[in-house]
Amino acid sequence: MTLYLYYKLKGLLTDRSGFFWGIVSTLFWVLMWVYVFTRVEEPLPSLDILEEMLRINAALAFSYLGALSMGSVAVGLTAGAIASSGAVAFATRFTKLTPAKYLVEDFLAGVAAVVAYALVCVAMVVAATYARYGILVLPENPVLLVVYLALCGILLYWLSRTVTLSMLALGKPRLPLLQMLPLFLAFLNYATLWLDLGDRVYALPLAPLLSLIVSAACGIEPTTGGWLAGGRLWENLAQGVAPEPLNALSVPLALASTAAWITALTAVSLTLALKVKSVALEEFAPS
Amino acid sequence: MNAHSLELRVSSGFISMPSKGISMITVENLRVKLGGSEVLKGVDAAFRGKHVVLGPNGSGKTTLFRTIAGLVPYEGRIEIDGHPLGRLKGAVGVLATNIAEVYQLAPVKALELLNLFSDLSDADPVRALALLEELGVGEELLAKRRLWELSAGTRKAFTTALALAVNAKNVLLDEPFEQLDPAKKVKLASELEKYSGVVVMNTHETWVLEALPDWEVYLAFEGRLHGPVTAQKLESAAIVEGRSDGALLTIETRAGCFSLVESEGGRTLTDLLTLDRVYELLTNISIRRSLRGGLR
């Protein structure tokens with residue numbers, strides 16, 4: 001290992017645009033979620049029912065707001081990779097940072113940054129919920145939660161790398177719409193809060209993982225989507241009825257889908273990397 | 001690490017560099033196209049020892065250095081210490097440069113970048129900081145700002161000091177004197193004179209011919225290199241319009257042809273201060289000739 005891993009991670013965590021999109025904008029969404037969208041009708045239900053409602057509410061926020069945060073960080077990874085393409089080309093030739101070391105260290109730094117920002121989102125949701133209701137809603141299975149967040153990080157890292165290399169291979173380093181693809185994906189997944197995709201959820205990258213995150217954070221069965229459809233979740237919870245998922249998510253299938261996406265994106269990235277060889281291809285952008 | 005006792009790792013495995021191996025950079029028929037136009041048009045050069053690539057802005061000097069540093073796709077042949085550029089991987093201490101984009105590896109403060117590159121290139125951070133101090137750049141500033149937050153002059157001093165601190169066998173310095181005051185230019189020139197490896201720098205300022213008389217000079221015009229000629233000879237050479245028998249160099253440009261001839265008197269390159277003025281000179285000659293033709 002070289003110091004690249006440490007400084008790359010530090011750079012990602014202290015970069016101003018990363019801070020804005022990963023922390024400030026996420027804080028805005030967390031406050032909106034907890035103070036505006038969370039509606040517990042008066043009179044408040046009993047404390048144990050309220051705790052259960054808030055735990056599920058927080059778990060949905062960890063997952064779906066966390067996805068927006070992670071998507072923003074992945075966009076930052078794309079921008080950073082394009083900006084440093086020349087530096088990487090030089091460093092891998094003339095420093096100890098060989099291509100293999102770069103690949104490993106950049107991957108670890110990128111995934112760690114995505115997970116770190118997601119954990120900040122988790123902390124913000126816990127703090128905001130406590131500030132409003134005085135109830136601490138900690139994740140039920142924090143280890144599994146971190147594992148699923150790490151899988152999100154790995155998937156988004158390779159998606160970001162695929163986007164970067166595609167832009168470089170196309171000779172078009174400034175394609176804002178393509179660059180924002182990880183964030184668009186996060187918003188698309190956000191829609192599954194209301195929309196049940198059924199078995200099609202396995203074809204959408206990230207979506208099965210987000211459902212697993214909800215399950216790990218609050219202990220309810222994962223679904224294929226539509227958590228908030230028709231307000232049934234809150235009605236049932238307020239009456240003390242455990243939520244019954246309309247379409248249960250298969251955990252093995254969800255993990256297989258994630259593995260397939262990660263493998264495909266990694267393969268495309270490595271193929272494109274061989275094609276562009278990290279050269280700063282922005283030079284080829286049409287003038 | 002001593003730059004002359006390095007191991008050079010290439011894609012086919014590890015190749016031990018000879019302890020007193022020849023340091024040199026050679027380019028053959030180098031062609032580079034950027035944005036649809038040909039920026040380098042078949043450059044041939046061998047850099048061994050100390051060299052200046054002297055040329056006006058837009059002549060392809062920086063593109064040549066970026067290409068040798070592996071930042072730009074090219075056609076032709078580039079070899080560094082006898083190894084094709086494409087085969088070099090993890091070759092610590094073989095090449096260093098002050099091209100700023102090379103240092104944009106991570107978005108951290110400049111001082112942290114210095115630590116990072118000291119680790120990656122076995123550079124001597126103490127030497128880099130001492131040189132920066134001499135060039136008027138303090139450690140406190142580097143601890144506060146990222147590379148692109150530094151002024152252009154400070155950024156250039158920073159990357160130049162870092163490139164020299166690597167103690168690489170070959171160093172490419174892109175406009176190292178840019179935005180330095182005269183006293184600091186002298187200090188940097190003295191550092192370059194003392195450097196033990198191959199140094200190739202580019203500039204458009206002609207005072208270097210006087211300051212570095214023993215260096216070999218290539219003149220860069222419109223994507224081609226002409227030379228080499230020693231700086232001492234070029235410094236006193238007169239600029240003559242058109243072709244001239246026995247000229248040190250004859251150069252064709254869009255604005256006309258000129259030769260550099262050894263003679264007493266006449267306008268020299270150092271009189272111009274910067275090579276950008278060659279075009280002005282040739283255009284003036286052309287206008288005067290047209291006017292004379294018109295009067296007849």
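Ordering B:232-238, B:59-65 by mean Cβ neighbour count within 10 Å, with the highest value first, yields B:59-65, B:232-238. For B:ILE99, the residues whose modelled amide H falls within less than 5 Å of its own, excluding neighbours fewer than 5 places apart on the same chain, are B:ASP174. Remark on chain A: Rg and Dmax equal 20.1, 69 Å (Cα only). For B:GLY42, the residues whose modelled amide H falls within less than 5 Å of its own, excluding neighbours fewer than 5 places apart on the same chain, are B:LEU30, B:ARG31, B:VAL32. What net charge is computed for the residues neighbouring B:ALA152, neighbours being all others with C-beta under 12 Å from the C-beta of B:ALA152, Lys and Arg scored +1, Asp and Glu -1? Value of the local net charge: -1.
The C-alpha atoms of chain A define a longest principal axis, and helix A:85-94 lies at about 60 degrees to it. Once backbone amide H atoms are built at 1.01 Å from N, A:ASP196 has A:GLY226 as its partners under 5 Å, excluding neighbours fewer than 5 places away on the same chain. Here is how the number arises for chain A: DSSP H runs of 4 or more residues each give -39500 (n - 2.57), the sum is divided by the residue count, and the result at 222 nm is -22500 deg cm²/dmol. Between the listed residues B:PHE158, A:VAL143, B:GLY86, the Cα displaced farthest toward the positive end of the dipole of the protein assembly as shown, a dipole computed from Cβ unit charges relative to the Cα centre, is found at B:GLY86.
Legend: ranking of residues A:THR95, B:THR268, A:THR263 from fewest to most surrounding C-beta atoms inside 10 Å; resulting order A:THR263, B:THR268, A:THR95. The ranking of A:LYS8, B:LYS50 from fewest to most other beta carbons within 10 Å of each one's beta carbon is B:LYS50, A:LYS8. For chain B, the longest principal axis of the alpha carbon atoms and the long axis of helix B:182-194 meet at an angle near 70°. Taking every residue in B:94-105 and counting other chain Cβ atoms within 10 Å of its Cβ, the average works out to 5. Over the C-alpha atoms of chain B, the Rg to Rh ratio, Rh being the Kirkwood estimate, stands at 1.00. Averaged over the residues of peptide A:82-89, the number of Cβ atoms from other protein chains lying within 10 Å of each residue's Cβ is 6.
Exposure proxy for B:PHE117, A:PHE90, A:PHE37: other Cβ atoms within 10 Å of each Cβ, ordered fewest to most, give A:PHE37, A:PHE90, B:PHE117. Mean sequence separation of contacting Cα pairs (under 8 Å, at least six apart), scaled by the length of the stretch B:6-234, corresponds to a relative contact order of 27 percent. With θ taken as phi - 60° and the Karplus curve 6.51 cos²θ - 1.76 cosθ + 1.60 applied, the whole-hertz 3J(HN,Hα) list for the stretch A:257-273 is 4, 4, 4, 5, 5, 4, 4, 5, 5, 5, 4, 5, 4, 5, 5, 5, 4 Hz, x standing for glycine and proline.
In order along the stretch B:163-175, the phi-based Karplus estimate (6.51 cos²θ - 1.76 cosθ + 1.60, θ = phi - 60°) of 3J(HN,Hα) comes to 4, 6, 5, 5, 6, 6, 5, 10, 10, 10, 10, 8, 6 Hz; Gly and Pro are listed as x. Phi angles of the stretch B:29-34 translate, via the Karplus equation with coefficients 6.51, -1.76, 1.60 and θ = phi - 60°, into HN-Hα couplings of 6, 7, 10, 9, 10, 10 Hz per residue; Gly and Pro are given as x.
All distinct Cα pairs of the protein assembly as shown go into the 1/r average, and the inverse of that average, the Kirkwood radius, is 27.1 Å.
Bear in mind these aren't lab numbers, they're just calculated from the coordinates by the rules spelled out. In this text the structure is predicted, and so the values were computed from the model without any measurement. All Cβ positions, even for glycine, are placed from backbone atoms using ideal geometry, and neighbour counts span all protein chains on display.
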